[in-house]
Amino acid sequence: MINNQRVAVVLPAYNAEHTLAMTVSQVDRTIVDDIILVDDASTDATCSVAHNLGLEIITHEFNRGYGANQKTCYQAALARGADIVIMLHPDYQYSPELIPALAAMLAYAPFDLVLGSRILAQSAVKSGMPVYKYVSNRVLTAVENLLVGAKLSEYHTGLRGYRRSLLEAVPFNLNSDDFVFDNQFILQALAAGARVGELSCPTHYGDESSSINFRRSVMYGLGVLRAALEFRLSVLGVARPPYLAAVQRLHREEQDVPSQ
């Protein structure tokens, strides 16, 4: 716990047998109450490794996709009474040692969503991020910020923290089952009036780092741009997709207080 709030770490896993133990070994169990791994029908020994580590394991009978994996993660964390939920990719690309800092930003500071940024205050390329990924990341982020009206350093991180109230306010089950889920969730958070923070996150790139092939990368990029455009059209009142229309507004009590 941190500040009397229960903390759960969720690991959306697919073929993570080689990096899972290293990732879990660096999770601070003095503040983390639950570690939940959702296995998306891995073809390796991910579940066996998770069992040996004593993790709470949920398995999908067939590969449902990255977004569907996260949906199961958050549902499980909420069901177990988590007040703060940290999503961490188990491929050891993102440092588990940042979990206490991320949790503290949610427990003590006025943030509803905190993103671990690979771009903020560091050189991602020097850390091993492939140049083509860096360039595509910067281009997509610039366009998204322009359409959405935000100032985030990136939208595509695999280290994120949420307050329970945010997870309950956004209908994440209506989001894509694929990789664009992440971006749709950020847009839902912004639509809910969530207070979003970022934390500089050094990264490690190795053979086991999560990756998608070129075709899927292109499809992901197009999906991200479509989601940002949907958000802009929603703000303008032109069209509002279901995953944005069903968002509940946060902090109404603060918004309804008249200025002095």
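Tabulated data
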quantity: Segment 29-105: GluC sites (Glu not before Pro) in DSSP loop, at most 15 other beta carbons within 10 Å; calculated: Glu61
quantity: Helix-derived mean residue ellipticity, 222 nm - over the chain, DSSP H n ≥ 4, -39500 (n - 2.57), to 500; calculated: -11500 deg cm²/dmol
quantity: Calculated FRET value between Ala101 and Asn52, using beta carbons and R₀ = 25 Å, to 0.05; calculated: 0.35
quantity: Solvent-accessible heavy-atom area per residue, rounded to whole Å², over the chain at 1.4 Å; calculated: 46
quantity: Viscosity 0.890 mPa s, temperature 25 °C, Stokes-Einstein D of segment 7-59 from Kirkwood C-alpha radius, µm²/s; calculated: 224
quantity: Square roots of five times the Cα gyration tensor eigenvalues for segment 43-194, Å; calculated: 24, 20, 17
quantity: Carbon/sulfur fraction of accessible area - the chain, other protein chains in place, 1.4 Å, %; calculated: 55
quantity: Pairs of alpha carbons in the chain whose separation is greater than 30 Å (percent); calculated: 24
quantity: Spacing of the two label points (7 Å from each Cα toward its C-beta) at Ala142 and Arg64, in nm; calculated: 3.8
quantity: Whether segment 14-130 is rounded, prolate or oblate, judged on the alpha carbon gyration tensor where a/c under 1.5 counts as rounded; calculated: oblate
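The values are calculated or read from the model by the stated rules, or taken from the named source; none is laboratory data. This is a predicted model, so every value here is computed, not measured. Here the Cβ is made from the backbone with ideal geometry for all residues, glycine too, and neighbour counts use every protein chain on show. Just so you know, the surface numbers come from the protein's heavy atoms only, side chains and all, with ligands and any DNA or RNA stripped out. Shrake-Rupley method; radii C 1.70, N 1.55, O 1.52, S 1.80 Å.
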